[in-house]
Amino acid sequence: MKLFPSTIHFTGLNTPVRAEASVRDLIVEGEIPSDIQGAFFRAVPDPAHPPMFEDDVALSADGMVAKFMFENGNVDYDIRYVETARYQAEKKARKALFGKYRNPFTDDPSVKGVDRTVSNTTPIWHAGRLFMTKEDGRAYEINPHTLETLGSWDYHGALKSQTMTAHARIDPDTGEMFFFGYEAGGLCSREISYCIADKEGNLVSEQWFEAPYVSAMHDFVITEKYAIFPLFPTTADLDRLKAGGAHWAHQQDLESWVAVMPRYGKVEDIRWFKGRQGVSCFHLINAFDEGDLIHMDLCLSDTNAFPFMREAGGIHCNQSEIGGGLIRWTVDMSKDGDDIVETPLGPPGDMPRLRDRDQGRPYDSAWYLSMNPEGGPPLPGGPVGVAFNALLRIEPKTRRLDMMPLGFGMGLNEPVHIPAKDPAHEGWLMMVVDRQVEDNVFESELWIVDAGNVSAGAVARVLLPLPMKAQVHGWWVSAAQLAQAKHGE
Ligand code: V55
Ligand code: FE
């Protein structure tokens, strides 16, 4: 194609920007809290070229890594493409050579065998290194100071898995990073890798096990004792791909599963618990142990939230009619059987954010994005095609909810959490807020919100002089962590 398609994947907040840019000393309204010293990294999918096919999706767009750098109340901004093998091949050809989302059979023959991943989902910081991730391939390492791409990351040749999740979990006490990869043995393979990197960043464990079906396993959770792998029935099929079809199709009549194993144990010790049919979940807030019980808190919906994954499975419904909620699933490791007990915790939503120190532990509060019933129609754009317009703070123990509702024509990107020096203070949330100013024209600000008092709104706002294409996930890296970066300035 010569032009970008006029579908939702390339319009609204998904309108391609494609500019690598740097802006020093952004304008700040209000005072940036002194706790905020460090960098907010963001993953922004932004297609460098018009796609080969009209029906291309936002999830296929080339990854850009953006950085808001905070130093003593001053804010600088940078955004650069992740120079994946795919990006470099297309840059040289000055056009798209890779075809449909996660379907290599639709590629230009000239790029057969070239790494297809676009590194567009989550920036992850671990053991002094910054990675850009996407679940269909391995991570790319990024220089956190310059945003230069350093190359594909395989733990110095140790990693066997061909894929790595965009949702790793870091234990706050041990500093270990727990992660997995599905389709670990190649396209549509049922193999799942389960890996641990120690606090120095060495891969110290990698085990593989087999899934009951090839599932879009987007996230997983750990507790102090267990590693937990939920599988939902959005499935892949090699014959469909070979016929030029979609990678994912949601199957409303297939059951979901949760695999549970001791986190330092063997995959042979996995127990499988059976979940509801047809449900879907992309993100979990957290999980924790209570004696022999394991609780996991999921952003669950009745069907897949992505229209293109539903439609490939023959499911047709309105986005606004999809039911769901923040739901707790509990399993009892002292009992036989495969039962899951379900408890509702909060209203529907997604893009949850947990304090780093609460990972895998009982927790008092967390945050996620939802809809404000009085906010008017949602802004078009983002991975699923509509933006959230309310920020929720939830106390899972008391079910208490607080909300920061946005007004008409406004939308939210996922926040990061920044701890406060004062242990009695809940810290800060930071997120990009978009506002529609005319048809397909948006202005954006970076908002800083008191994490314990979200209904008070922004305490400081950073004005952004460039259009901000919709973000997927972000990561906060403190100045102290940046000072320990393995790549110096
Ligand atoms: C998601 C995002 C992806 C992807 C698959 O948010 C799932 C869910 C940004 O890329 O490829
Ligand atoms: Fe995600």
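For the stretch 275-321, the Cβ-based charge dipole about the Cα centre amounts to some 280 debye (Lys, Arg positive; Asp, Glu negative; other atoms uncharged). The charge dipole of the chain, taken about the Cα centre with unit charges on the Cβ atoms of Lys, Arg (+1) and Asp, Glu (-1), comes to about 880 debye, rounded to the nearest 20. FRET efficiency for the pair residue 311 and residue 402, taken as 1/(1 + (r/R0)^6) with r the Cβ-Cβ distance and R0 = 35 Å, rounds to 0.45.
A Förster radius of 35 Å combined with the Cβ-Cβ distance from residue 484 to residue 253 puts the calculated FRET efficiency at roughly 0.10.
By definition, a body whose alpha carbon gyration tensor gives a ≥ b ≥ c is prolate when a/c is 1.5 or more and a/b is larger than b/c, and the stretch 168-264 fits this prolate description.
DSSP beta bridges fully contained in the stretch 134-280 are about 100 percent antiparallel. Under 5 Å between amide hydrogens, built in the peptide plane, is the criterion, and for residue 75 it picks out 25, 26 among residues at least 5 positions away or on other chains. 3J(HN,Hα) along the stretch 265-270: x, 9, 4, 4, 8, 5 Hz, from the Karplus curve 6.51 cos²θ - 1.76 cosθ + 1.60 with θ = phi - 60°, whole Hz, x for Gly and Pro. Most simply put, the stretch 350-487 has about 100% antiparallel DSSP beta bridges, counting only bridges with both residues inside it. Length gained on full extension, residue 453 to residue 242, computed as 0.36 nm times the residue gap minus the Cα-Cα distance: 70.8 nm. Each Lys or Arg adds one and each Asp or Glu takes one away; over the other residues whose Cβ falls under 11 Å from the Cβ of residue 12, this sums to -1. Projecting the Cα atoms of 325, 182, 1 onto the charge dipole of the chain (Cβ charges, centred on the Cα centre) puts 1 farthest toward the positive pole. Only DSSP H runs of four or more residues enter the estimate; each adds -39500 (n - 2.57), and after division by the residues of the chain the mean residue ellipticity at 222 nm equals -1000 deg cm²/dmol. Here the label points at residue 55 and residue 31, each 7 Å from Cα along the C-beta direction, are separated by 5.6 nm in the simple model.
Ordering 254, 463 by the number of other Cβ atoms within 10 Å of each residue's own Cβ, fewest first, gives 463, 254. Under 5 Å between amide hydrogens, built in the peptide plane, is the criterion, and for residue 126 it picks out 131 among residues at least 5 positions away or on other chains.
What you get for the stretch 387-489, charging only the Cβ of Lys and Arg (+1) and of Asp and Glu (-1), is a dipole of about 360 debye around the Cα centre.
By other beta-carbon atoms within 10 Å, ranking 171, 55 with the fewest at the front produces 55, 171. Cβ-to-Cβ counts within 10 Å put 257, 272, 475 in ascending order as 272, 475, 257, the fewest first. Note on residue 424 and residue 92: the extension gain reaches 114.2 nm, defined as 0.36 nm multiplied by sequence separation minus the Cα-Cα distance.
Within the shell of other residues whose beta carbon sits under 11 angstrom from the beta carbon of residue 246, the net charge comes to +1, with Lys and Arg scored +1 and Asp and Glu -1.
Under the rule a/c < 1.5 gives rounded, and otherwise a/b versus b/c splits prolate from oblate, where does the stretch 296-414 land using the Cα gyration tensor?
Oblate, since a/c reaches 1.5 and b/c is not below a/b.
Can you bin the chain into rounded, prolate or oblate? Criterion: square roots of the alpha carbon gyration tensor eigenvalues sorted a ≥ b ≥ c, rounded for a/c under 1.5, prolate for a/b above b/c, oblate for the rest.
The shape class here is rounded.
Each of residue 292 and residue 322 was given a label point 7 Å from its Cα along the Cα-to-Cβ line. The distance between the two points is 3.7 nm. Counting only DSSP beta bridges with both residues in the stretch 266-314, tell me the antiparallel percent, nearest 5. Within the stretch 266-314, antiparallel bridges account for around 100 percent of the total.
Checking every one of the GluC sites (Glu not before Pro) in the stretch 367-445 against DSSP loop status and a limit of 11 other Cβ atoms within 10 Å picks out 374. In the structure shown, the pairs 134/266; 112/242; 92/242 are assessed against 21 Å; a Cα-Cα span above that value is assigned to 134/266; 92/242. Between the residues 345, 84, 412, the greatest Cα displacement towards the positive end of the dipole of the chain, with unit charges on the Cβ of Lys, Arg, Asp and Glu, is found for 84.
Close amide-amide hydrogen proximity is noted between residue 460 and 448, each under 5 Å apart and 5 or more residues distant or on a separate chain (H modeled in the peptide plane; Pro and chain starts excluded).
Values in this text are rule-based calculations from the coordinates and carry no lab data. Predicted model, so just to flag it, every value in this text is computed and none were measured. Cβ coordinates were reconstructed from backbone atoms using ideal geometry, including for glycine residues, and neighbour counts include every protein chain displayed.
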